[in-house]
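**Student:** Take this structure first; my questions come after.
The values are calculated or read from the model by the stated rules, or taken from the named source; none is laboratory data. In this text the structure is predicted, and so the values were computed from the model without any measurement. Here the Cβ positions follow ideal geometry from the backbone for every residue, glycine too, while neighbour counts run over all protein chains shown.
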Amino acid sequence: MPAHTQAELEQQLVQRKDLVQKGQLTPKRAFGNMEDWTLYLGERTAFLHPDEQHWLWYDRLHQTWTYTGCSINQAILLAQGRVAGVKRLSEPGPVGAWCVYQQGQSLQGPVRFEHLRTWLQAGKLPMSIVVWTPRAAEWLSAADFMALPV
């Protein structure tokens, strides 16, 4: 597993903001280290800006960070090789509750994590699909997805 996942970073940001508001943590200690907010997805790098609470992609060609168009709890960041994208959630909420899947050349979702598990268990979807979940930082086989904790 990678050092961070999107779901972990978004949850961590919410927790640290709460600790700062309660005076239990200074902003510098809570948000000061850029590496703590960096997410590696395949060949792509994303950064969760702790002050603005939105995601940025790193553009290697121009050596700049570009806005993804989404904040926390709004979308799933995904990557396949050098290609990166964003799948907006149908309703805001913790990204760890959502995933997308690819069946053949078709990308489906976002769908709720528990719905996809139920569909796989019931045989409504083949075990040949691959799944992207913000709880991981890579494409997972259906079997690996099913092995993730609920």
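**Student:** Name the single residue, out of those in the range 101-129 being of a type in the set (Ser, Thr, Tyr) and modelled with pLDDT of 95 or more, that is surrounded by the most Cβ atoms within 10 Å (Cβ to Cβ). Walk me through it before giving the result.
**Tutor:** Looking only at the range 101-129, we keep the residues that are of a type in the set (Ser, Thr, Tyr), and these are 101, 106, 118, 128.
The next check asks that each one be modelled with pLDDT of 95 or more; those that pass are 101, 118, 128.
Details: Tyr101: 23, Thr118: 12, Ser128: 10.
Result: Tyr101.
**Student:** Which of the residues spanning the range 110-150 are touching a Phe, Trp or Tyr at 6+ places or on another chain (Cβ under 6 Å) and within 22 Å of Glu43 (Cβ to Cβ)?
**Tutor:** Of everything in the range 110-150, those that are touching a Phe, Trp or Tyr at 6+ places or on another chain (Cβ under 6 Å) and within 22 Å of Glu43 (Cβ to Cβ) turn out to be Val130, Val131, Trp132, Trp139.
**Student:** Looking for whichever is touching a residue at least 40 places away in the same chain (Cβ under 8 Å), crowded, with 18+ Cβ neighbours inside 10 Å and within 24 Å of Cys99 (Cβ to Cβ) here; the options are Leu89, Leu9, Leu77. Which one fits?
**Tutor:** Numbers: Leu89 fails: touching a residue at least 40 places away in the same chain (Cβ under 8 Å); Leu9 fails: touching a residue at least 40 places away in the same chain (Cβ under 8 Å).
Result of the check over Leu89, Leu9, Leu77: Leu77.
**Student:** Which one of the conditions (1) in a loop (DSSP other than H, G, I, E, B); (2) surrounded by 19 or more Cβ atoms within 10 Å (Cβ to Cβ) does Gln24 fail to meet, given that it meets all the rest?
**Tutor:** (2)
**Student:** For the range 72-85, which positions are modelled with pLDDT under 95, of a type outside the set (A, V, I, L, M) and at negative phi?
**Tutor:** Answer for the range 72-85, where residues must be modelled with pLDDT under 95, of a type outside the set (A, V, I, L, M) and at negative phi: Gln80, Arg82, Gly85.
**Student:** Going by the structure shown, is His62 part of a loop (DSSP other than H, G, I, E, B) and either modelled with pLDDT under 95 or out of contact with any Cys (no Cβ under 6 Å at 6 or more places or on another chain) (or both)? So that I can check it myself, show each step before the final result.
**Tutor:** On the way: part of a loop (DSSP other than H, G, I, E, B): yes; either modelled with pLDDT under 95 or out of contact with any Cys (no Cβ under 6 Å at 6 or more places or on another chain) (or both): yes.
So His62 fits the description; yes.
**Student:** How many residues does the range 74-109 contain that are small (Gly, Ala, Ser), farther than 18 Å from Gln53 by Cα and in a loop (DSSP other than H, G, I, E, B)?
**Tutor:** 3
Per-residue answers, yes or no, for (1) in contact with a helix residue (DSSP H, G or I) (Cβ under 6 Å, 6 or more places away or on another chain); (2) among the hydroxyl-bearing types (Ser, Thr, Tyr):
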position	(1), (2)
Leu25	yes, no
Met34	no, no
Tyr40	no, yes
Glu43	no, no
Thr64	no, yes
Ile72	yes, no
Gly81	no, no
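**Student:** Taking the condition of being closer than 16 Å to Pro134 by Cα and assigned to a strand (DSSP E or B), how many residues in the range 27-58 meet it?
**Tutor:** Here the count works out to 13.
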